[in-house]
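Heads up: the structure comes next, in structure tokens.
Computed from the coordinates by the stated procedures, all read-outs in this text should not be read as laboratory data. Computed from a prediction, not measured in an experiment: that's the story for all the values here. All Cβ positions, glycine included, derive from the backbone under ideal geometry; neighbour counts span all protein chains shown.
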Ligand code: AOF
Ligand code: ZN
């Protein structure tokens, strides 16, 4: 299963919106075939592994990082293919929460006389498939806030200067986070202040994540860097047809989303991102949008890069949460990982799902 997880990771950038599944077929400790799902529309991991078998897999065990599918989607059901190949046992790390599957793949295998086990390396598989699992079971992507802060938790000077808080190693690490993201999300305030590109640059990446901008009033300047390269998705509550036409003429896709007062409804934004098939979304933005996303309850994870630098209490914080009346109101994620990245530290904090 560990090998299956490693194989699955090869499809991490390209399998989306599908999960990056891996599969190993073995008998008596001998590897017969292995495969992974590279791209939606192409064969699933099990089909690849079956096709790669050096000898007939009758009686062998298939290790899969997710329940084999039972539906005719872009490809035929993997459960049927495994049963037809007379595999003796299927070990799946997790059930597939896709309503089209959800236990039916395993049931079909059992009906065909195949022994079925689940739960092997389930925690690792949950980690690998967390975007897909969030989208299928909660109807929203796995949403990650990435923030670079000083030792005293500040993101920028009061005047907005924020460019080089963390060092080069942390910057590379951020690009690896971007590379595994289906989409990058930011807000218009950040674009007006920093004019970010939000592309993957310092690490190898086989496709660029979709860039998504929340821009309630369609203030995006036509010369913004976001409008260069692949077209961004602009989410707005504005009905300004002229602004919209101008942005569309520059290639942007503009979508009107439900409003919450003068602002965009962020729960609706999260649903839209899931409907678009984005499994993992990384947010790089300022305190206002970070705070609004936290208050909307759509954040799964904060990845915090902490730099050895003090910016003082006039500098900006990482999330506007208003004034909390009591500590009981403080959002409390759990820190699940802490490690040094160059001279900086990276903390990963998560909410229980
Ligand atoms: C598997 N093995 O390797 C993957 C699975 O449209 P399709 O035919 O590509 O089906 C996509 C769905 O299949 C996806 O939403 C998920 O439920 C499952 N993914 N299943 O048996 C695989 N990637
Ligand atoms: Zn399948």
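Observations, loosely collected:
- Cα→Cβ-extended label distance, 7 Å offset, between residue 58 and residue 151, nm: 6.9
- Most fluctuating residue given options 254, 91, 203, as computed from a GNM of the chain linking Cα atoms under 10 Å: 203
- Estimated FRET transfer efficiency (residue 223, residue 176; beta-carbon r; R0 25 Å; 0.05): 0.30
- Taking 0.36 nm per residue of separation and subtracting the current Cα-Cα distance, fully stretching the chain between residue 339 and residue 206 would add 45.2 nm.
- Residue with peak Gaussian network fluctuation, the chain [Cα springs, cutoff 10 Å], from 176, 148, 58: 58
- Relative to the longest principal axis of the Cα atoms of the chain, helix 287-296 runs at roughly 50 degrees.
- Each label was represented as a point 7 Å from its Cα along the Cα-to-Cβ direction; for residue 241 and residue 288 these points are 2.8 nm apart.
- Gain on full extension, evaluated as 0.36 nm per residue between residue 30 and residue 352 minus their Cα-Cα distance, stands at 112.1 nm.
- Of the residues 307, 267, 84, the one that moves most in a GNM of the chain with alpha-carbon contacts below 10 Å is 84.
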